[in-house]
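Read the structure below first, then the notes.
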Amino acid sequence: MNEKYRVRHSEAESANVVTDSEEKARLEASNALKQAERVKELIMQSIDRGGQFKLRPSVLLDLNRCAIQDLDAYAGSWRPGGVKINKSNHSPPDGHLVPELIEDLCDYINTTWVTSSAVHLASMVMWRINWIHPFTEGNGRTSRAASYLVLCAKEQLLLPGEYTIPEQIVENRTPYYEALEDGDRHFTEKNELNNQTVPKMEQLLGGMLAKQLTERYKKAIG
């Protein structure tokens, strides 16, 4: 893995609940399963409603709560202060700006829902949540879960395949981090959210989607 990205993580005003490394690992694994189940529930709810879907701040808070419950006192809450991302040139906005920026992201997704592709919408969610970095912990986990939710809700399908996009990202994070920083650069140049903001992320997620579906196809035919 590229050394530049090996230790990329955020440092925020936080209140860790668990300090024992083994207990932390156990809770993280358990929470990952809970978050995945919650994403499936939300996808199926959208399908059952005939395709009705709105990305709301409450959904993001819910997914974060699933990811870091019992690990951080701010689980399911916006971060109260500043945050620094190590090994990144991006400085996330101050904490008091987070709620408004999240609302803006939700507005963008909801107003462009009909005219945008599933991959674009998922890519925008993936990048923008990381750009805002709204939580003390679990920003990456929440962004990946929310992005996958949006992708499936837009397609009105619980996408088949066990080698999912979030799993592919975790297996090799370097292209993911590079796509995030590419989005940062495009946004800095234009200072607006549009269909040209996240081209590298779209390429990455599109390729990962193809791999997920291809692996499922291979399994189906033996």
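Condition first: over 21 Å from residue 53 (Cα atoms), outside any helix (DSSP H, G or I) and either of a type in the set (Val, Ile, Thr) or touching a Gly at 6+ places or on another chain (Cβ under 8 Å) (or both). Can you find one or more residues in the stretch 135-158 that meet it?
yes
With respect to residue 210, determine if the residue is crowded, with 17+ Cβ neighbours inside 10 Å, free of Cβ contacts under 8 Å to residues at least 40 places away in the same chain and of a type in the set (A, V, I, L, M, F, W, C).
no
Yes/no per residue for (1) of a type in the set (A, V, I, L, M); (2) within 15 Å of the chain's Cα centre (by Cα); (3) over 18 Å from residue 109 (Cβ atoms):
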position: 163; (1), (2), (3): no, no, yes
position: 167; (1), (2), (3): no, yes, yes
position: 204; (1), (2), (3): yes, yes, yes
position: 216; (1), (2), (3): no, no, yes
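Within the stretch 124-133, can one find any residue that is in contact (Cβ under 8 Å) with a residue 40 or more places away in the chain, over 19 Å from residue 205 (Cα atoms) and surrounded by 13 or more Cβ atoms within 10 Å (Cβ to Cβ)?
The answer is yes, given that some residue of the stretch 124-133 is in contact (Cβ under 8 Å) with a residue 40 or more places away in the chain, over 19 Å from residue 205 (Cα atoms) and surrounded by 13 or more Cβ atoms within 10 Å (Cβ to Cβ).
State whether one or more residues within the stretch 162-170 are farther than 26 Å from residue 58 by Cα and part of a helix (DSSP H, G or I).
yes
Being of a type in the set (S, T, N, Q) and under 21 Å from residue 40 (Cβ atoms), is that true of even one residue in the stretch 124-134?
So far as the stretch 124-134 goes, no, none of its residues is of a type in the set (S, T, N, Q) and under 21 Å from residue 40 (Cβ atoms).
The rows are residues; the columns are (1) more than 17 Å from the chain's Cα centre (by Cα); (2) not hydrophobic (A, V, I, L, M, F, W, C).
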| site | (1), (2) |
| --- | --- |
| 74 | yes, yes |
| 79 | no, yes |
| 83 | yes, no |
| 93 | yes, yes |
| 114 | yes, no |
| 120 | no, yes |
| 135 | no, no |
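Taken together, the values in this text are just the output of simple stated rules run on the coordinates, not laboratory data. Just so it is clear, the model here is predicted, and its values are computed rather than measured. All Cβ positions, glycine included, derive from the backbone under ideal geometry; neighbour counts span all protein chains shown.
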